[in-house]
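Notes follow once the structure below has been shown.
The values are calculated or read from the model by the stated rules, or taken from the named source; none is laboratory data. Computed from a predicted model, the values in this text were never measured in an experiment. No Cβ is skipped: glycine too gets one built from the backbone with ideal geometry, and neighbour counts run over all protein chains shown. In case anyone asks, the SASA skips ligands and DNA or RNA and just uses the protein heavy atoms, side chains included. Shrake-Rupley method; radii C 1.70, N 1.55, O 1.52, S 1.80 Å.
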Amino acid sequence: MARTIFGTASLARSHESGPIRINLAGRILRLEWSHSGLTADYIAEAVSARFKGSKQVHNTVRHEIGFLANELIENAIKFGSGESIGVEASVEHDTFRISVTNIASAALMPKLLTLLTELSSGEPQAMLLEQLEANALESEPNASGLGLLTLLADYGARMAWQIEDLPGEISTKISTHAAITVPNHEAQHHGS
């Protein structure tokens, strides 16, 4: 089985099962964009609940985790084959980690691989500005990659994509791993 990793490889290698584990059953749910928002909101609220002591910190953490989770789940739906999507999330010290796994549509793999190659080799802030400028000049803007570029450039997300060809199938398994820094709840709790 061929395996390729784009981005921060250590995120893909250090994958541990998180305390939040969700399986979006593709064929049963007929996955749509609304599933991504609902799932992301649930994860964001579950993780940010520990910060309810400070409304500002709670809202910031909830927003950042919600945006990250929503973007990754939306991409799994966008590039998926309609199969189930697995989501795992956890917080350890000052790091929120999320992994989203799906089976990709063979027809969309060339577009996805091009996007991942660009994201892994470029400077996110410059690429984000370039994409925004290109969209402003086009009559039909191409928003491809804007969410991921925003996560990398503005949220400091560290990301990895693990691509695995499935044996005997024309499908490809994609695991997207991401991590962002959140306040260290334990340090805040002990410091109060």
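Before moving on, here are some points about what is shown:
- Pair GLU118, LEU132: separation of 7 Å Cα→Cβ label points (nm): 1.7
- Accessible area, probe 1.4 Å, largest first, for residues SER105, SER81: SER81, SER105
- Heavy atoms of LYS52: accessible area, 1.4 Å probe, square angstrom to 10: 120
- Under 22 Å of direct C-alpha separation, and excluding same-chain neighbours fewer than eight residues apart, LYS111 reaches these lysines: LYS78, LYS173.
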